[in-house]
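Step one of this worksheet: look at the structure below.
The numbers here are math on the coordinates, done by the rules we state, and not lab data. This one's a predicted model, so the numbers in the text were calculated from it and none came from an experiment.
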Amino acid sequence: MRMRTRTPQKNIFLGLVVSLLLVSFLNHQREMDRFYITVLNNGNSNNNKSNNMSDCDQMLLKQLQIYKERIKRLESQAIPAPGNNKEDKNSNTLTSKSSNGLGSDVSATPKNIATAVSSSLETEDKTLLPTQNQAQKQDSIRTQSTQYAKEQQDNKLPKLKQPQARPVRSIIGIMSHDESPMEKERRQLIRDTYLSFYSAIKLRYHQIASSSNNYQMKTDLAKKLANQTATVHRILQKQENETELEHFICSLNDLLQGKLENPDLCRLAYAFVIAANPNGTTLLLNFNDTHPMIAPLAVDDPKITRESDAVYLNIKNNGNQGKTPTWFRYVTSVLNERSWTKDWDYIFKTDADNLFFPPKLLSFLERHSSKQPRPFRNVYGGGRINFRRCDKKHDPHCRLPPDDSWRGKFYMQGGSYFLSTDLAAVVSDPSKVTMHNITMFPDEDMLTGLLANAHSDKLDFIIDDGKYPFHVHPVKRHTVFVDKWITLVQKWLDEEDNAR
């Protein structure tokens, strides 16, 4: 019986067959491992299962291509080319020098080839099949790369500043007249105190001290007033907006005539409201070229000397028969002519015996208006009077309308109140403000409240309840006016010291 001997070529062939079977088994094992690892990395979610299988297929396809290239490279290195083989006389093996990481001498037997291929594939698997921690690390790197790319992109784009809402701006009408010298002195006293708080403080205070006799002011009050000058200056100069402060209060006439260097910085535009036509009517809402709103110089009362910061209405002097509606009508018409209705928020009516403190007033308006959308609508503010609960026998403001046409529960006390520009136009509408209504409601503040409440049952009330005092009313005597002013300033100075 003839014994068949195995040639080296047969050994190589068998080795290749075994290695291919082993590769097929390892491919199947890697496919299962990859699937389980992918499922674990993605939380074993049923909703994402189709996406995981797709990623697994792509990765396995890439691995198979690498394995095929690896096998071809091993085959070319294990099978020597003709004329380069060295036969080993003691064994039917081939020896090949290799520098592929499998060893320097590799015997080309089926077992050695399979072992070499398996070892190489396992080494390749360690780099291609990440563990769960490696996958998490890769995800973290991808996240950081994405964030870095986004930050770089954001740095290239210009960063836009969020637009800041402009400060609240108000127009203040200070009701006055020229029927007595005391009223003229009161106007000057107002100019020298709260209207000059932010501008030319030192000059104004020294003027008060030097003219104390005109105000019938005691010497000690004049000295106290002058001594506060330096302290107020030091505090104002330390504020961040120190260069803007002097523009916060301005004359309405200077604003309308374009005399201001920085009109946009003005927050309180004031005017002394004086009725200048002794032969005119007490109410003027339908004005024209024949009957202008401002009194011409030809019809001036000879007792009146025109002042640059006063508005001289073309009506007869009065307190409750139409002067207030005429003032509101004048301001709203001026704002409409210049398209300034969105640039100014409130219109005040205040009496000359009312003492404002500007920092508190501005803070009060900002505090109660900061969250409201612009432009403000149907705003009615001041110290309220609940006419249904007060003593009707002793307070004339408490009497009910004759026809019981009142719709609201209260209105604002006439010493000082304010309206949004749209509501000021309502309470000065010629179709609503008539002499009949004025006669029926002889108190101008009550008439204003009636018209405001009749216009809307959803008014936005800003109540001055005294918890955040920004004014004192009434202050009749000049000496008391100065004394109250000194007290307000000193209280503010103490608060500033405590804040520091």
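Residues whose amide H comes within less than 5 Å of that of Y417, counting only those at least five positions distant or on another chain, are K349 (H built at 1.01 Å from N in the peptide plane).
Rounded to whole numbers, the Karplus 3J(HN,Hα) couplings from phi for the stretch 345-362 are 9, 10, 10, 9, 10, 9, 8, 6, 8, 9, 10, 8, 10, x, x, 5, 4, 5 Hz, using 6.51 cos²θ - 1.76 cosθ + 1.60 with θ = phi - 60°, and x at Gly and Pro. For the stretch 466-474, putting each phi into the Karplus relation 6.51 cos²θ - 1.76 cosθ + 1.60 with θ = phi - 60° gives couplings of x, 6, 10, x, 10, 7, 10, 7, x Hz, in residue order, rounded to whole numbers and with x for Gly and Pro. Among the listed pairs K371/K458; K223/K259; K223/K476, those whose Cα-Cα separation exceeds 27 Å are K223/K259.
Summarising the amide proton neighbourhood of I462: residues at separation of 5 or more, or on other chains, whose placed amide H is nearer than 5 Å comprise Y380, G381, G382.
Couplings for the stretch 275-288, taken from phi via the Karplus curve 6.51 cos²θ - 1.76 cosθ + 1.60 with θ = phi - 60°, read 7, 10, 10, x, 9, x, 7, 8, 9, 9, 10, 9, 9, 7 Hz in order; Gly and Pro are left as x.
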